[in-house]
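The values are calculated or read from the model by the stated rules, or taken from the named source; none is laboratory data. Quick caveat, the model's predicted, so the values are computed rather than measured. With ideal geometry, Cβ positions are generated from the backbone for all residues, glycine too; neighbour counts draw on all protein chains shown. Accessible surface is based on the protein model in full, side chains and every heavy atom, while ligands, DNA and RNA are left aside. Shrake-Rupley method; radii C 1.70, N 1.55, O 1.52, S 1.80 Å.
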Amino acid sequence: MNSTSRLLAVALAATLSLALSACSGKANQASSGSTGDLKTDIGVTGNRISLGVLTDLTGQFAPLATELTNAEKLYWEERNAAGGVCDGRYQVDLDVRDHGYNVQNSVTLYASMKTKNLAFEQILGSPMNAALSADIQKDGVVTLPASWAPVLLKNPLMTVVGATTDLEVVNLLDYLLDQKQLTAGDAIGHIYFEGELGESGLIGSKKVAAAHNLKLVEAKIKPTDTDMTAHITTMKAQGVKAIVMSTSSGPLASAAAVASAQGMQVPLLGNTQTFAPGTLKTPGGAYLKAHFLGAQPVSPFDQAASKAILDKYLKKFTGTNPTLQISYGWARADVMRQLLERACAAHDLTRPGLVKARQSLAKVDTGGLAPVLDYSTAGAPPTYESYLMKAGDAPGGLTLEKGPYRGADAT
């Protein structure tokens, strides 16, 4: 080979080397675009982001959890059709599993899901989140719990959407005090599930009772308990002026039926998960329409923002008897979207990158579905406000009474 040929061969080899290097570099990039390279790891493959959903589709809260999950799915279907997230670079998929409201099932499923998903858009149930909290923090997985237990605020990766369970009860009781339906020295009852869900609500009752010299009559029940006759009878004998329910809708329906049968005329107050529209068709339905007041993290369907989401939902899920879990699911998904967009803006869609996005998250606006959520103070609830609602013949069975409302004791 003469010198000219050698020079041509060297030049050709150099050109091929540069081309291969460029191709290899493009292949190894998680994404490309005008914002530059974007780091990715677990849960991001090609142009897809996978988020875990660990929920209850067959257990005690299945009716509410199904609508919550369907709303989250619908949000991402709409968002993906509009281009997805991160300037259109990614579509979002939900990896949905059913724990049946069983703690051990949730622990087992979490172990298999954490290796496949960037974050958890939903882990439903206070007992499940309490059991998984240490692992979530150790694994560095940003999580949106479908729970409002105040203990979860101690985990910086738990992104609670709404006021905590204790604050819901504080707001409900403070509202009755504002309305002069309760006064100092009155007795109040509280029926609550054993475990994080119910006992978190009891914290709120104890706080208001101590601040206003109220006598608190407690009744702890198991999630499998459905007959409230003994508890309501005892509370009537104690002369309670209001009864708080930190339970599911089954005990609420029983409590309303018993209170009605015994001629009581006192408010029944409920946390977010306590009410379901089906309770209005039970023997206690008329009592609930006259005496129920519930706290919710999102506005009811008689408000424009939630009505717009309901209309979208009913187009896909026809024949549904809707609950406010629809609006709540939509609001939660929007919080997750804003977290993903923040991570992408920082060019880091890894688990540590999403943690940084969570740490820098401040105020979140969900377009009027929820009160403005403020995550800027570590360990504090994102809001102290609740929507207070009465039961009635309306979509979701609830209409706005007051809100967003923050009671004087909600601190």
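Observations on the model:
- Candidates Asp178, Asp186, Asp166, Asp139 - the one that is of a type in the set (Asp, Glu), surrounded by 24 or more Cβ atoms within 10 Å (Cβ to Cβ) and touching a residue at least 24 places away in the same chain (Cβ under 8 Å): Asp166
- Val298 open to solvent by less than 10 Å² (accessible area, probe 1.4 Å) and either assigned to a strand (DSSP E or B) or not acidic (Asp, Glu) (or both): yes
- Every residue from segment 362-378 that is in a loop (DSSP other than H, G, I, E, B), under 21 Å from Ala119 (Cα atoms) and within 17 Å of the chain's Cα centre (by Cα): Asp365, Thr366, Tyr375
- Test: residue in segment 205-219 that is modelled with pLDDT of 95 or more, assigned to a loop (DSSP other than H, G, I, E, B) and open to solvent by 10 Å² or more (accessible area, probe 1.4 Å): yes
- Annotation: Cys86 fulfils all but one of (1) open to solvent by less than 50 Å² (accessible area, probe 1.4 Å); (2) closer than 21 Å to Ala65 by Cα; the unmet one is (2).
- Just one of the listed residues (Gly396, Gly379, Gly353) is small (Gly, Ala, Ser) and surrounded by fewer than 16 Cβ atoms within 10 Å (Cβ to Cβ), namely Gly379.
- The residue list Leu280, Leu268, Leu288, Leu252 contains one member that is modelled with pLDDT of 95 or more, in contact with an Asp or Glu (Cβ under 8 Å, 6 or more places away or on another chain) and of a type in the set (A, V, I, L, M, F, W, C), which is Leu280.
- Checking the stated criteria, Gly198 turns out not to satisfy the condition of being open to solvent by less than 30 Å² (accessible area, probe 1.4 Å), closer than 19 Å to Ala149 by Cα, without any contact (Cβ under 8 Å) to a residue 60 or more places away in the chain and touching a helix residue (DSSP H, G or I) at 6+ places or on another chain (Cβ under 6 Å).
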